[in-house]
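A short write-up of the structure that comes next.
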Amino acid sequence: MSIRVFRWRAIGPLLLFALLGAVLWVLFADRIARRSAEKIGTAIVGAKVEIQALHINLANGDVTVRGLTVASPHEALKNLLQADELLADIDVLPLLEKKIVIDRLAANGLRFGTPRATDGRVPGSPESSVSGRVMGEARDWAQRFQVPALQLATGKIDVATLDPRRLSAIPAAEALSARADSSRRAWQTGLDSLRLAATLDSATATLARLRTARATDLAALNEARRAIDQLKQARNRVTTLERRVTGGLAELRAGVAGLDSAKQRDYAFARGLLKLPSLDAPEIGIALFAPTAVAQFQRALYWTQLARAHMPPGLLPRADAGPPRARRSGSTVRFPREHALPGFLLRTAELSFQLDPTASPPKSYAGRLTGLTSDPALYGRPTLFEASAPAVTAGAMLDHVHATARDTAGATVQGVRIPVFQLASLPMRLDPGQGTVQLGFTLRGDTIRARWAVRSTHVAWARDSSASGSTVTDLLWRTLSGISDLQVDAGVTGTLTQPRLSVRSNLDEAIAARLRAMMGEEVAAAERRLRAEVDRQVDPAIAPVRPRVTVLQTDVTKRLAEQRGRLDQAQKDLEARLRELTRIRLP
Amino acid sequence: MLTIVKLLQSLIKALHSEGTPGQLAAGIALGAILGLTPLVSLHNVLIFALIVMLNVSFAGGMVGWALFVPVGFLLDPLFDWIGRTLLFTPAFTPFFTSLYNTPVVPLTNFNNTVTLGSLVFAVVFFVPLYFATRWAVTRYRATIGERVRQSKWYRAVTASKLYNVYRLFRPEA
C-alpha cells in the first residue's frame with residue numbers, strides 16, 4: 001500500500017487560512033504597528049510613548065503617525081515632547097531584512113515640556129532594560145557631587161568636641177620632658193666619669209710639696225709638670241662634655257620652641273572644628289544652584305549615554321534584550337555588515353516645533369535632523385541636528401563612527417520662560433521670569449565638559465511662608481529681594497568618574513558679604529572659645545616642661561663652670577710655683 | 001479544564017485515526033517544533049503549512065504542539081544557552097552575518113538566542129521523537145487500542161461535532 005506524501009485537498013483551507021491572515025493584516029496591521037511602536041519607544045526612552053493613530057501604506061511606502069506623546073523619563077507629570085503629526089517616507093525593500101530606513105520624516109507641531117495628567121515614567125530595572133541601566137548610571141554620576149549645605153536658615157555656629165588625643169602639643173610636651181630627664185642623667189654620668197676630684201687632689205698634694213721644694217729638687221719639679229699635664233687632660237674632658245651639653249641644651253631649647261608651634265597647630269585644628277556657614281562665594285554658588293545645574297547635566301548625560309547604548313560604534317555583533325513575550329525573551333544579536341544597510345536609519349527629518357506653547361501667539365521654529373542610525377559605523381557619518389530661528393540656536397552632533405564616541409550638544413534660547421528656582425538651604429524662591437538659557441554639553445569618550453548658564457533681568461523673589469524666619473534669613477531676604485538680575489554659570493569638567501563642578505552666580509558675593517558682616521563677630525567669639533579650650537587642655541602638659549629645661553640648663557652649666565674653674569685654679573697655682581722655683585736669681 | 005479535555009480528545013482521536021503510526025508520529029514531531037519554539041516566528045508558518053499540506057496526522061500535530069508548549073517553557077534557559085553559544089561562536093559569525101543581511105531571513109528571528117536555541121533543539125529532537133512516537137503508537141494499537149475503540153466514551157468523543165472538522169484533515173491512506 002502506497003501512502004501519498006501531500007494532502008492536496010488541504011490546499012483550499014490553507015489558502016483560506018492565508019487569505020484570512022491577509023484580511024487580518026489589513027484590519028489590524030496599523031494597530032499592531034502602533035502597539036509595537038509604543039512598546040519599542042517606551043523601552044528606548046524609559047518613559048511612556050503613546051500614539052493616537054498610526055497608518056501604514058506599504059504601497060506608497062508611507063507611515064503616518066498622529067498624536068505622538070513621549071513622556072519625560074525625569075519628571076512625573078511632564079511630557080518630553082508631543083507631535084501633532086509625523087509623516088515618514090520609508091524604503092519598503094529593507095523591511096524584508098527587518099530594517100527600517102526612513103528617507104524623509106516630516107514632524108509637525110512638536111511641543112516640548114507640556115504637562116500631562118499621569119506619571120509617564122517607566123522605571124526599568126537596571127538589569128533588564130537599557131534605559132533603566134543608563135538612568136541608574138546617570139543618577140549615580142549625579143550623586144558624585146558633594147553639594148555642601150548652606151546653614152543659613154538658622155545661622156548657627158556649632159563647635160564639635162575637642163578630643164585631647166588629637167592635640168599635638170600634649171604628646172610633644174611629654175616627649176620633651178622625657179628627653180630632659182634622660183639628658184640630665186646622661187650628663188650626670190658624664191660629669192662623674194671625668195674623675196676630677198682625684199686629679200684635683202693630686203694637684204693639691206703636688207702643690208704642697210712644691211712649696212717646700214728647692215729649685216734643685218728635680219723630682220718635685222717633674223712631678224709638678226706631670227700634674228699640670230693631668231690637669232690639662234681633665235680640662236679637655238670637661239671641654240668635650242661641655243660641647244655635648246651645649247648641643248643637648250640647644251635641642252631642648254628647640255623642643256621648647258616646638259611646643260609653641262605645636263600649640264599653634266592645635267589652634268588651627270580647633271578652628272577646623274568650627275562648623276561655620278560657608279563664607280566663600282564659589283561655595284555659596286554651589287550650595288544654591290548645584291542641585292538644579294547637576295539635574296540639567298544629569299539629563300544631558302542620560303540622553304547621551306542612551307544614544308551611545310542604542311547607537312554603538314563598531315561593527316562587531318552585539319546583543320540587546322529580546323522582545324518581551326510570555327516566554328523567555330533571550331537576547332537578540334545584531335550582525336552588522338560593511339556596506340549593508342543599518343538596522344535603523346533616518347536619513348533626514350524636518351522638524352517644526354514650538355518651545356513655549358503658552359506664548360500668545362505660539363512661536364514656531366524649524367529644525368533638521370540627519371543621519372540618525374542604529375549603526376553609525378555603517379552609515380559612516382555622524383548624526384547631526386540643527387535648529388535656528390530668531391532667539392534660538394541649537395545644534396547637536398553624535399559622532400559614533402569611530403571607536404571613541406564624541407557627542408556634542410549646545411543650545412541657546414532667548415526670551416524663554418525659565419522655571420522657578422527653589423534655592424537650596426534658603427526658604428525663598430527665585431522666579432527668573434523670561435530670560436536666556438544656555439546649555440553646552442560635550443562628551444568625548446568619558447571626558448566631559450558641560451556648561452549651563454541662565455540670564456535674567458526681571459527676577460522676582462518669593463519667601464516661603466511656612467518657614468520660620470531667623471535673623472540671618474531676614475537679613476538675607478532683604479539683601480536678595482533687592483536684586484533684580486540673575487546670572488548663573490555652572491560647569492562640569494573632568495572625566496565621568498572624576499567630575500569637577502563649579503557654579504558661580506551674581507548672588508554669591510552678595511550673600512557672602514552679608515554673611516561675613518553678620519557672622520564675623522560670632523565666628524571670632526567661637527574661635528576664642530576654642531583657643532581657651534586648647535589652652536586648658538595643653539597648658540598643664542606644657543607648663544612644667546619649660547622650667548624643667550631651664551633649671552637643667554642652669555644647673556649643668558653651673559656645675560661645668562665650677563669644675564672648669566677649679567681645674568684652672570689648680571693649674572694656675574702649680575704653674576706659678578714652678579715659675580717661681582725655676583726663676584734664675586742673680587747674686 | 002476544557003483545554004485538557006480537548007487535548008485528551010485530540011489525543012484519543014489521533015491514536016485511533018486511520019493514519020499509520022508513522023503519520024501520527026510525524027505529526028507529533030512537527031507539532032513539537034511549534035510547541036518548543038516561540039510561536040510567533042516565521043519558521044512556524046512553514047511548520048504549520050507542512051502539517052497541513054503533508055500527509056501527516058493533523059491531530060497529532062496539534063497534540064504535539066499542545067504537549068510541548070510547557071516543555072518549551074521549562075527548557076527556555078537551555079535554549080537560551082544553546083542559542084547564545086551558537087550566535088557568539090566566532091567561527092559562525094560570517095554565516096550569521098550573511099543570514100542577517102539576507103532578505104526575509106531576519107524575519108525568522110533566528111538571531112534571538114531562545115528562538116535559535118529552541119529551533120536547533122527541536123530539529124535535533126525531531127528524529128528521535130518521531131521514532132519513539134511511532135514505536136509507542138504501534139505498541140498502543142497492538143495492545144489496548146481495540147478495547148478503547150469499543151468503549152462507550154470513545155464513541156461519545158468521536159460523535160462530537162468537532163470530529164467532523166477533524167475528519168477534514170485526517171491522514172489519507
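Provide the per-residue ³J(HN,Hα) series for region A:56-68, in order, calculated from phi with Karplus coefficients 6.51, -1.76, 1.60 and θ = phi - 60°, each as a whole number of Hz, with x at glycine and proline positions.
Along region A:56-68, the couplings run 10, 10, 5, 4, 9, x, 10, 10, 10, 10, 10, x, 7 Hz.
Could you derive backbone 3J(HN,Hα) for region A:437-450 from the dihedral phi with the Karplus parameters 6.51, -1.76 and 1.60 (θ = phi - 60°), listing whole Hz in sequence and x where the residue is Gly or Pro?
My calculation for region A:437-450 gives 10, 10, 9, x, 8, 10, 10, 10, x, 10, 8, 10, 9, 9 Hz in order.
Which listed residue (A:GLY445, A:GLY41, A:LEU210) has the Cα farthest towards the positive end of the charge dipole for the protein assembly as shown, taking +1 on Lys and Arg C-beta and -1 on Asp and Glu C-beta about the Cα centre?
Sorting the options by dipole projection puts first A:LEU210.
Label A:SER481 and B:LEU46 with points 7 Å out from Cα along Cα→Cβ: what is the distance between them in nm?
Each label point is offset 7 Å from its Cα along the Cβ direction, giving 7.9 nm.
For region A:213-334, take the convex hull of the Cα atoms, compute a quarter of its surface area, and give me that in nm², please.
On the way: hull surface 102.4 nm².
That works out to 25.6 nm², a quarter of the Cα hull's surface.
Say each of A:ALA532 and A:ASP119 gets a label point 7 Å from the Cα, pointing the same way as Cα to Cβ; how far apart are those two points in nm?
For A:ALA532 paired with A:ASP119, the spin-label model returns 5.4 nm.
Work from the charge dipole of the protein assembly as shown (Cβ charges, +1 for Lys and Arg, -1 for Asp and Glu, about the Cα centre) and give the residue of A:LEU259, A:PRO126, A:TRP303 farthest towards its positive end.
Of the listed residues, the answer is A:LEU259.
Other chains near B:91-101: what is the mean number of their Cβ atoms within 10 Å of each residue's Cβ? Don't skip to the end; give the middle numbers.
Values: counts 0, 2, 4, 2, 1, 4, 8, 2, 1, 11, 8.
Mean shielding count: 4.
Determine the principal axes of the Cα atoms in region A:360-431, then give the extent along each, sorted from largest to smallest and rounded to whole angstroms.
If we take the Cα atoms of region A:360-431, the spans are 53, 36, 16 Å.
Label-point separation (nm) for A:ASP84 and A:ASN108, each offset 7 Å from Cα along Cα-to-Cβ?
0.7
Which residue, chosen from A:TYR365, A:PHE344, A:ALA117, occupies the Cα position most advanced towards the positive end of the dipole of the protein assembly as shown, where the dipole is computed from +1 (Lys, Arg) and -1 (Asp, Glu) charges on Cβ about the Cα centre?
A:PHE344
Which order do A:LEU207, A:LEU14 fall in if you start with the one that has the fewest other Cβ atoms within 10 Å?
On the way: A:LEU207 17, A:LEU14 14.
The fewest-first ordering by Cβ neighbours comes to A:LEU14, A:LEU207.
Would you list A:ARG500, A:ARG66 from fewest to most Cβ contacts within 10 Å?
Numbers: A:ARG500 11, A:ARG66 15.
Ascending Cβ contact count within 10 Å gives the list A:ARG500, A:ARG66.
List the chymotrypsin sites (Phe, Trp or Tyr not before Pro) within region B:59-160 that DSSP assigns to loop and that have no more than 14 neighbouring Cβ atoms inside 10 Å. Can you show the working numbers first?
Details: sites: B:TRP65, B:PHE68, B:PHE73, B:PHE79, B:TRP81, B:PHE88, B:PHE92, B:PHE95, B:PHE96, B:TYR100, B:PHE110, B:PHE121, B:PHE125, B:PHE126, B:TYR130, B:PHE131, B:TRP135, B:TYR140, B:TRP153, B:TYR154; in loops: B:PHE88, B:PHE110.
Loop-located and lightly packed - none at all.
Take the protein assembly as shown, compute every pairwise Cα distance, and split them into 20 Å bins from 0; I just need the percent in each bin.
Spelled out per bin, shortest first, that is 11, 26, 20, 16, 12, 8, 5, 2, 0.
Compute, for chain A, the length of the dipole vector about the Cα centre, with Cβ point charges of +1 (Lys, Arg) and -1 (Asp, Glu) only. Units Debye, rounded to 20.
About 2280 debye.
Read phi for every residue in region B:100-108 and hand back ³J(HN,Hα) as whole Hz from Karplus 6.51 cos²θ - 1.76 cosθ + 1.60, θ = phi - 60°, with x for Gly and Pro.
Here the 3J(HN,Hα) series is 4, 9, 9, x, 6, 4, x, 5, 7 Hz.
Give me, ordered by chain and number, the residues 5 or more places off A:LYS363 or on other chains with an amide H under 5 Å from its own placed amide H.
Residues meeting the criterion, in which the H sits 1.01 Å from N, are A:LEU355, A:ASP356.
Give me the mean projected area, in nm² to one decimal, of the convex hull enclosing the Cα positions of region B:10-168.
Working: hull surface 41.3 nm².
The orientation-averaged projected area of the Cα hull of region B:10-168 comes to 10.3 nm².
Might you report the magnitude of the Cβ-based charge dipole of region A:153-257 about its Cα centre, with Lys and Arg at +1 and Asp and Glu at -1, to the nearest 20 debye?
340
Mean Kyte-Doolittle hydropathy of 0.5 or higher plus an axial Cα length of 27 Å or more: which whole DSSP H helices in chain A meet both? Provide the component values of the computation, followed by the final result.
Values: long enough: A:11-45 (46 Å, 1.26); A:169-192 (34 Å, -0.37); A:218-272 (81 Å, -0.49); A:281-310 (41 Å, 0.37); A:506-542 (50 Å, -0.30); A:545-582 (55 Å, -0.90).
Helix filter hits for chain A: A:11-45.
Setting aside same-chain residues fewer than 8 positions from A:LYS263, which aspartates and glutamates have a Cα under 12 Å from its Cα?
Of all the aspartates and glutamates, those that pass the test against A:LYS263 - Cα under 12 Å, at least 8 places apart if same chain - are A:GLU533, A:ASP535, A:ASP539.
Here, each number is a calculation from the coordinates, and none is a lab measurement. All of these numbers come straight from a predicted model, not from anything done at the bench. Reconstructed Cβ throughout: ideal geometry from the backbone, glycine too, with neighbour counts over all protein chains shown.
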